[in-house]
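One structure is given here, and the rest of the page talks about it.
The values are calculated or read from the model by the stated rules, or taken from the named source; none is laboratory data. Nothing here was measured: the structure is a model prediction, and the numbers come from that model. Backbone-built Cβ (ideal geometry, glycine too); neighbour counts: all protein chains shown. Note: areas computed on protein heavy atoms with side chains; ligands, DNA, RNA excluded. Shrake-Rupley method; radii C 1.70, N 1.55, O 1.52, S 1.80 Å.
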Amino acid sequence: MRNLSIRLKMTLWFAISLLFVMSVMYVAIHFVLKETMMKNAESIVKAYSAQASSYIEAEDGDIKFDENMTNTESGIYYQIYNGSNQAVHSYGDFNDLSSFTPNFNQTQVISIKGTNWIIYDQKLLEDNNSIGWIRSVKSLGYIDETLRNLFFIYICLCPVFLAVALLIGYFLVRRTLQPIDKITATARMIGRGDLSQRLNMKNTGDEVGRLSTTFDEMIERLETAFQAEKQFTSDASHELRTPVTVITAYAENAVAEGSSLEGYSRAMEVILKESRKMSATISSLLMLTRGDQRKYQPNLELLDFAQLIGDVADEVKVSAEQKGVSISMLPHTPAFLMLDQTLITNLLLNLLGNAVKYNNDGGHVEISLVAERQNAVLIIKDDGIGISKEDLPKVFNRFFRSEHSGDTEGSGLGLAIAKWIVDVHHGDIRIDSILSVGTTVTVCFPL
Ligand SMILES: Nc1ncnc2c1ncn2[C@@H]1O[C@H](COP(=O)(O)OP(=O)(O)OP(=O)(O)O)[C@@H](O)[C@H]1O
Ligand SMILES: [Mg+2]
């Protein structure tokens with residue numbers, strides 16, 4: 001049974017249950033029928049006996065009876081005995097039936113040569129004196145025959161019902177389990193690498209319908225994650241190949257015969273710049289990979305967020321001034337939060353770096369920190385090139401760089417890392433921007 005298919009197992013259970021129900025019904029009908037027929041036979045012999053005794057009377061010590069009483073349509077035999085227990089009259093074949101000791105006013109069931117009989121003995125009274133007694137008997141053969149017929153019907157119907165149950169059960173179960181076969185086939189195709197496969201079954205609302213919907217949703221998520229992974233790998237390799245190509249080209253030129261010292265020096269400069277770029281990209285990728293593994297435990301400590309912002313702003317100010325961008329910080333009070341110093345420094349460098357990098361000559365960056373409903377809210381506002389409406393939803397995607405960023409350097413990983421850092425601190429980050437007007441980045445951390 002253990003190795004049978006679910007289809008066969010369910011069909012067999014269905015058939016066995018039906019057989020069991022049929023057997024229980026047969027036994028119940030058998031007993032109820034037998035009981036009812038026995039009661040009926042009992043009341044018939046009693047009624048007949050009462051009626052017969054009214055036809056009998058005593059005359060000079062002899063028993064007199066009306067001949068009309070011999071008419072027994074109900075298949076009743078009877079025998080009349082006088083006071084000395086001698087049979088004086090009988091109707092029907094009484095051979096063995098007279099040998100039983102009388103048990104007055106009580107029915108007895110006896111078996112003679114395979115046939116059951118019901119016997120009822122009643123005393124004949126006249127003026128309260130016993131003048132004899134009458135024995136009425138009725139064959140119970142018809143009950144046995146009815147019960148035998150019932151058994152015969154049961155035995156004949158059993159295989160028919162069983163065959164019908166097996167057939168209906170098999171088709172019902174097959175219909176119910178058909179979607180499972182489809183799920184198995186689809187899962188096999190997905191297993192071979194075709195993640196575009198879907199079940200696309202009608203959601204019937206039953207267990208199988210729910211299973212197929214959940215299955216499709218799961219594959220949808222898997223496919224999206226798989227595509228993102230593929231995209232990430234391809235973007236990452238592209239991002240690393242470009243500097244390697246540049247480095248290789250410059251190095252080859254430098255080692256070629258006839259290169260001047262100036263040429264060497266120029267090549268070295270480019271190689272150094274590209275190496276730094278590559279190193280920065282690799283660091284960012286490593287950070288994101290650590291974040292993806294969801295194992296990262298931030299090294300949280302109680303820090304003055306305002307102080308940290310001030311320090312990073314001072315650091316960025318130098319390069320900002322070279323670009324003609326000014327940075328100002330609105331007055332603030334100390335704000336102590338549980339933060340990972342390295343990560344938050346990285347976040348601030350990314351955000352302030354963007355605000356300066358995507359700004360115009362003479363532009364301005366304004367930093368403010370406010371406490372708002374159980375949150376410390378950091379707002380970095382610039383009046384730089386801004387982000388278009390179409391690009392805004394993509395800025396947190398890995399390697400996304402807007403075409404408006406022109407030839408500014410960057411790998412497009414900064415905001416993806418910023419989002420991860422904010423998530424690690426259970427905070428929230430939002431960017432509002434208008435193209436050519438400016439950008440506002442809002443970061444909230446729970447206090
Ligand atoms: N303050 C801003 N103003 C205008 N555009 C911005 C601003 N911040 C981000 N962007 C746009 O969003 C894109 C993604 O920013 P992100 O910081 O992730 O990458 P990046 O600055 O290009 O490179 P990286 O930060 O890795 O050096 C940028 O290329 C730029 O187009
Ligand atoms: Mg950036």
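Identification of strands (runs of 3 or more DSSP E) wholly contained in region 14-123 with 3 or more residues that are at pLDDT 85 or above yields 76-82, 107-112.
In region 131-185, of all residues being assigned to a strand (DSSP E or B) and out of contact with any Leu (no Cβ under 7 Å at 6 or more places or on another chain), the one that is farthest from LYS202 (Cα to Cα) corresponds to ARG135. Checking region 249-262 against the condition returns no match, with no residue being open to solvent by 60 Å² or more (accessible area, probe 1.4 Å) and within 16 Å of ligand 1 (Cβ to nearest atom). Of the residues making up region 381-393, those that are over 18 Å from ILE309 (Cα atoms) and either of a type in the set (Asp, Glu) or buried (at least 17 other Cβ atoms within 10 Å of the Cβ) (or both) are ASP383, GLY384, ILE385, GLY386, ILE387, GLU390, ASP391, LEU392.
Of all the numbered requirements in (1) in a helix (DSSP H, G or I); (2) out of contact with any Ser or Thr (no Cβ under 7 Å at 6 or more places or on another chain), SER284 misses one, and that requirement is (2). Whether a residue is open to solvent by 60 Å² or more (accessible area, probe 1.4 Å), in a helix (DSSP H, G or I) and either within 30 Å of ASP194 (Cβ to Cβ) or of a type outside the set (Phe, Trp, Tyr) (or both) was assessed, and PHE226 passes this test. When LYS389 is tested against (1) under 48 Å from the mean Cα position of the chain (by Cα); (2) part of a loop (DSSP other than H, G, I, E, B); (3) touching a residue at least 40 places away in the same chain (Cβ under 8 Å); (4) within 12 Å of ligand 1 (Cβ to nearest atom), exactly one condition is not met: (4).
Condition check for GLY410 on (1) within 12 Å of ligand 2 (Cβ to nearest atom); (2) in contact (Cβ under 8 Å) with a residue 40 or more places away in the chain; (3) at negative phi: one failure, at (3). Among the candidates VAL318, VAL325, VAL356, VAL312, the residue that is away from ligand 1 (no atom under 16 Å from the Cβ) and either among the aliphatic types (A, V, I, L, M) or in contact (Cβ under 8 Å) with a residue 40 or more places away in the chain (or both) is uniquely VAL318. Exactly one residue out of ILE180, ILE168, ILE143, ILE190 is at pLDDT 90 or above and of a type outside the set (Gly, Ala, Ser), and it is ILE143. Please determine, by comparing only the residues of region 184-237 that are under 29 Å from ALA416 (Cβ atoms) and of a type in the set (Val, Ile, Thr), which one is farthest from the chain's Cα centre (by Cα). Restricting to residues being under 29 Å from ALA416 (Cβ atoms) and of a type in the set (Val, Ile, Thr), the top hit is THR233.
Restricting attention to region 362-373 and to residues that are among the hydrophobic types (A, V, I, L, M, F, W, C) and open to solvent by less than 10 Å² (accessible area, probe 1.4 Å), the residue that is nearest to the chain's Cα centre (by Cα) turns out to be ILE367. The C-beta contact set for region 79-94 (first residue assigned by TED's automatic domain parsing to the domain that holds ILE118, second residue at pLDDT 80 or above and of a type in the set (Phe, Trp, Tyr), distance under 6 angstrom, 6+ apart or interchain) comprises TYR81/TRP133; ALA87/TYR81; TYR91/TYR77; TYR91/TYR78; GLY92/TYR77. Does any residue in region 213-224 that is under 19 Å from LYS182 (Cα atoms) come within less than 6 Å, Cβ to Cβ, of a residue that is open to solvent by 40 Å² or more (accessible area, probe 1.4 Å) and not in a helix (DSSP H, G or I) six or more places away or on a different chain, and which pairs are these? Sorted first by the residue in region 213-224, then by its partner, the pairs are THR213/ASN203; ASP216/ARG198. With respect to (1) more than 16 Å from ligand 2 (Cβ to nearest atom); (2) surrounded by fewer than 19 Cβ atoms within 10 Å (Cβ to Cβ); (3) more than 24 Å from PHE232 (Cβ to Cβ), the lone exception for ALA376 is condition (2).
Take GLU239 and decide whether it is open to solvent by 60 Å² or more (accessible area, probe 1.4 Å), in a helix (DSSP H, G or I) and either among the acidic types (Asp, Glu) or assigned by TED's automatic domain parsing to the domain that holds ARG398 (or both). Judged against the criteria, GLU239 is not a match. Scanning region 348-361 for residues that are surrounded by 19 or more Cβ atoms within 10 Å (Cβ to Cβ) and more than 11 Å from ligand 2 (Cβ to nearest atom) returns LEU348, ASN359.
Hey, among the residues in region 107-137 that are out of contact with any Ser or Thr (no Cβ under 9 Å at 6 or more places or on another chain) and over 22 Å from ASP93 (Cα atoms), which one's least open to solvent (accessible area, probe 1.4 Å)? Ranking the candidates gives ILE131 first. Residues that are more than 6 Å from ligand 1 (Cβ to nearest atom), open to solvent by less than 70 Å² (accessible area, probe 1.4 Å) and in a loop (DSSP other than H, G, I, E, B) within region 394-425 comprise PHE396, PHE399, GLY406, THR408, HIS425, listed in sequence order. Of all residues in region 359-385, those being within 11 Å of ligand 1 (Cβ to nearest atom), touching an Asp or Glu at 6+ places or on another chain (Cβ under 6 Å) and in a strand (DSSP E or B) number 2.
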